[in-house]
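The values are calculated or read from the model by the stated rules, or taken from the named source; none is laboratory data. A quick note: this is a predicted structure, and the numbers were derived from the prediction, not measured. Note that each Cβ is placed from the backbone with ideal geometry, even for glycine, and that neighbours are counted across all protein chains shown. Accessible surface areas use protein heavy atoms only, side chains included; no ligands, DNA or RNA. Shrake-Rupley method; radii C 1.70, N 1.55, O 1.52, S 1.80 Å.
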Amino acid sequence: MNDWQPAASREALRQRARMLAGIRAFFAQANVLEVATPMLSHAATTDVQIDSFTVTSGAQPRYLHTSPEFPMKRLLAAGSGDIYQICQVFRVDEAGRLHNPEFSLLEWYRVGWDTGQLIEEVVSLIQTAADALGRRAPIHVRRMSYAQAFHEALALDAHAATVQQLCAAGEHFGLGVVGRLDRDGWLDVLLSECVAAGFPADSLTVIDAYPASQAALARIRPGTPPVAERFEVFVGPVELANGFHELADAHEQAARFTRDNRRRGELGRAQMPADERLLAALAAGFPDCAGVALGLDRLLMWLGGWERIDQVLAFPWARA
Amino acid sequence: MATYSTSEFKNGLKIMLDGDPYNIVENEFVKPGKGQAFNRVKIRNLKSGRVIDKTFKSGESVEAADVVDVDMQYLYTDGEFWHFMVPDTFEQYAAGEAALADAKPWLKEQDVCIVTLWNGQPLSVTPPNFVELKIVETDPGIRGDTATGGTKPATLETGAVVKVPLFIEEGEVLKVDTRTGEYVSRVK
């Protein structure tokens, strides 16, 4: 047995250290405060598609965070101003070439900003990380709405198409799906297998204006159709960052927690204790702000030209 | 009936899909951060050999294909079927031409092959990794030439043609790697 040894090469470990130093310098210069919040919480995410690890602690379980977003929003409500955090987060069963159940996330919030400003900063941050690894060439960036991306790849109106039309577009593309999917399930599979799969390998592609049904913690901009003020950044076909113009309405947030938990119940997933402290913080007054989470292991994979997430982790899941 | 969940998917797993047995060739977990998880898989139809791409919704269960690999001795062919026997039980199986596609050039009577059975029917035959076969035809050998690296074709007793070094003679027995179809050595 030699699985005591790290999976990442010394070169990958050095690259990670340089990337982290570059990111911290970036935020120091921008006057964004580094913070630390608990990994173990009384509450958990109710996100329908994300499962939290449970840790027993006496009679009351605690949950490992899947993202530091809830306590960071409590800091924002308490008047912290701009903040960032680099931490390990945990998601059950997410293991594969691009997934490790424990991974590194960079999360940051900008008070008074909207998604447009934050997207520009995400791009500068990625450029800074690239520079820190000695890659001087400017990164090419493409921007389009969710609707445009679907229209270009599949000639489909992502906001109006029925499940039958989404299914037919997938079949026409040569996608063989096994299992019954709802509308959002079809949008997810088409986005990753048909739309993002065609994104140019060495560019960043930024998609915004997500369907309202996929708002997560983003505000919904009324209109026809209403869209979520949410964006994602892809490097080639790989999802790298997910950002929101943050929902500030405590009532709507509570309704989303309840709806998520109902949906989890329908799918046979455990219903999770919603974060009442987050709801109280929003009710107390939450600043207008935009926030984003960026997967640091995947960023390092891209910058260092690594194929598998294991190559950039000292001790991936199997060796942890 | 045994089933596999997508979380158990791995290369080599044999599953049923639309009534046919398949072998998983590649499996990749795919999940948008906030979205539905999938397994992107390449699977080989064990009857036709054709490889196709499928996207399984994570958490789906599929029926396991009732496929087993059994060591059997090759007995003879009657031209239509190739007959095999399980050495321990003397049970005999007849495999059709489709199951023999890759194995035919390497089959020698008495050799022990792996016969893959699906519902008790031979689906495919895998010859031993190395077989020893006699040369029935090749150009005369060049004496003393053991180092120049040149090759020539040699026809073996099963009809297979392999490239051999120039010094090899008709009537000699060769060891051949059936996975690559390459000459390994002379057998004394």
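Here is how the numbers come out for the structure above:
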item: Percent RCO, i.e. relative contact order, over chain A, from Cα pairs under 8 Å lying at least 6 residues apart; result: 26
item: Gyration tensor verdict on the range B:67-126 (Cα atoms; rounded if a/c is under 1.5, prolate if a/b is larger than b/c, oblate otherwise); result: rounded
item: Euclidean distance between Cα centres, the range B:115-138 to the range A:190-220, Å; result: 50
item: For the protein assembly as shown, convex hull volume per residue from C-alpha positions, Å³; result: 221
item: Mean ellipticity per residue at 222 nm, deg cm²/dmol - from DSSP H runs of n ≥ 4 across chain A, formula -39500 (n - 2.57); result: -10500 deg cm²/dmol
item: Computed lengthening from A:ASP3 to A:ALA25, 0.36 nm per intervening residue step minus Cα-Cα distance; result: 4.5 nm
item: Neighbouring partner chain Cβ atoms per residue of A:190-200, average, 10 Å criterion; result: 2
item: Between A and B, accessible area buried - total, square angstrom, nearest 100, 1.4 angstrom probe; result: 2000
item: Residues in the range A:71-89 that a label on A:THR54 would reach, taking backbone N under 14 Å of a point 7 Å out along Cα→Cβ; result: none
item: Accessible area per residue in Å² at 1.4 Å probe, computed on chain B; result: 54
item: Förster radius 41 Å - calculated FRET efficiency between A:ARG263 and B:MET85, Cβ distance, rounded to 0.05; result: 0.10
item: Pairs from B:LYS34/B:LYS57; B:LYS14/B:LYS57; B:LYS10/B:LYS31; A:LYS73/B:LYS57 whose Cα-Cα separation, in the structure shown, is over 26 Å; result: A:LYS73/B:LYS57
item: Added length on full extension, which subtracts the Cα-Cα distance from 0.36 nm per residue, A:GLU11 to A:ARG142; result: 44.1 nm
item: Averaged over B:37-50, number of beta-carbon atoms from partner chains that fall within 10 Å; result: 2
item: Which of B:ALA103, B:THR126, B:GLY159, positive extreme of dipole for the range B:82-165 (C-beta unit charges); result: B:GLY159
item: Length added when fully stretched, B:VAL70-B:VAL25, from 0.36 nm per residue minus Cα-Cα; result: 14.1 nm
item: Calculated FRET value between B:ILE52 and A:GLU307, using beta carbons and R₀ = 35 Å, to 0.05; result: 0.90
item: Amide H contacts of A:THR66 (H built 1.01 Å from N, under 5 Å, at least 5 apart or other chain); result: A:THR45, A:PHE90
item: The range B:130-186 - percent relative contact order, Cα under 8 Å, separation 6 or more; result: 40
item: Cut-off 18 Å (backbone N to label point 7 Å along Cα→Cβ of B:GLU157), residues of the range B:79-108; result: B:83, B:104-108
item: Protein accessible area in the range B:1-158, 1.4 Å probe - carbon and sulfur %; result: 47
item: Reachable lysines, given that their alpha-carbon falls under 20 Å from the alpha-carbon of B:LYS104 and they are not under 8 places away in the same chain; result: B:LYS47, B:LYS134, B:LYS163, B:LYS175
item: Lys, Arg +1 and Asp, Glu -1 on Cβ, resulting dipole of chain B about Cα centre, debye, nearest 20; result: 960
item: Dimensionless Rg/Rh of the range A:213-299 - Kirkwood Rh, Rg from C-alpha atoms; result: 1.01
item: FRET efficiency, 1/(1 + (r/R0)^6) with R0 60 Å, evaluated for B:GLU169 and A:VAL111 via beta carbons; result: 0.10
item: Chain A - percent of accessible surface contributed by carbon and sulfur, probe 1.4 Å; result: 53
item: Global geometry of the range B:3-64, whether rounded, prolate or oblate, following the gyration tensor of its Cα atoms and the 1.5 cut on a/c; result: prolate
item: Kyte-Doolittle at least -0.5, axis length at least 27 Å by Cα - qualifying DSSP helices, chain A; result: A:10-29
item: Net +/- balance of residues flanking A:PRO68 in space, Cβ distance below 11 Å, scoring K and R +1, D and E -1; result: 0
item: Chymotrypsin sites (Phe, Trp or Tyr not before Pro) restricted to DSSP loop in the range B:68-121 with at most 16 other C-beta within 10 Å; result: B:PHE81, B:PHE90
item: Probe 1.4 Å, protein heavy atoms only - accessible area per residue of chain A in square angstrom; result: 44
item: Relative contact order [Cα under 8 Å, 6+ residues apart], the range A:1-91, whole percent; result: 29
item: Loop GluC sites (Glu not before Pro), the range B:96-165 (other Cβ atoms within 10 Å of the site Cβ: 16 or fewer; DSSP); result: B:GLU109, B:GLU157
item: Gyration tensor verdict on the range A:191-247 (Cα atoms; rounded if a/c is under 1.5, prolate if a/b is larger than b/c, oblate otherwise); result: prolate
